[in-house]
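**Q** One structure is given below, represented as structure tokens, and several questions about it will come after.
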């Protein structure tokens, strides 16, 4: 797996566009604290969120991609804490985050870890491909294997522990000119610990 992505990043690549979900919903995000860009690629989302005030961490499996990300960070004069990590097969660092963003990446088994690494009140921004593979006869540029494509409503099911703030998944009436054509987007908040829960914890300690 890393060999494929290292090969893809082996030539110098321009910085891609920032995720639509991030650009259009910036008013929902914290402007301080820590953020995690999961499967960060070349780092466009990390760079964007750093400029909004977050201390960003970028994790990816590709060493070559991380090297390119570092080059883009230098050019943009921003600092991102980069880490090359096998997200599927190695333990994640224990730190937690005020925001986690995931773009064009789907590994369902990691969803509980994503939730557990969000701070109470933290925001998840998840944007990736749904099962719409063509619109008006035009084949969309996306993975063809079903394991990498979301079924209708699946993002909501994967993150039922979070409170949805924004959800888009246009599967039946997909429009080719929409920025989220062939994609699903979920922005959700992890519930904060209630006062009742806090009091119970205090009683338990006493």
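Throughout, read-outs are computed from the coordinates displayed, never taken from laboratory work. Computed from a predicted structure; not experimentally measured. When we count neighbours, we look across all protein chains shown, and the Cβ atoms used for this are built from the backbone with ideal geometry, even at glycine.
**Q** Using Cα pairs closer than 8 Å and at least 6 residues apart in sequence, work out the relative contact order for segment 2-205, in percent.
**A** Answer for segment 2-205 is 18 percent.
**Q** Could you give the distance between the Cα centres of segment 118-139 and segment 36-60, to the whole Å?
**A** 18 Å
**Q** If you don't mind, another one. Among 104-114, 50-60, how do they line up from the highest to the lowest mean number of other beta-carbon atoms within 10 Å? The partial results should precede the final answer.
**A** Values: 104-114: 15.5, 50-60: 20.1.
So the peptides 104-114, 50-60, ranked by packing, come out 50-60, 104-114.
**Q** Sticking with the crude label model, points 7 Å out along Cα→Cβ, report the distance from residue 178 to residue 86 in nm, one decimal please.
**A** Rounded to a tenth, the inter-label distance reads 3.9 nm.
**Q** For segment 2-205, max minus min Cα coordinate along each principal axis, in Å, sorted largest first?
**A** Reported extents, whole Å, longest axis first: 61, 42, 33.
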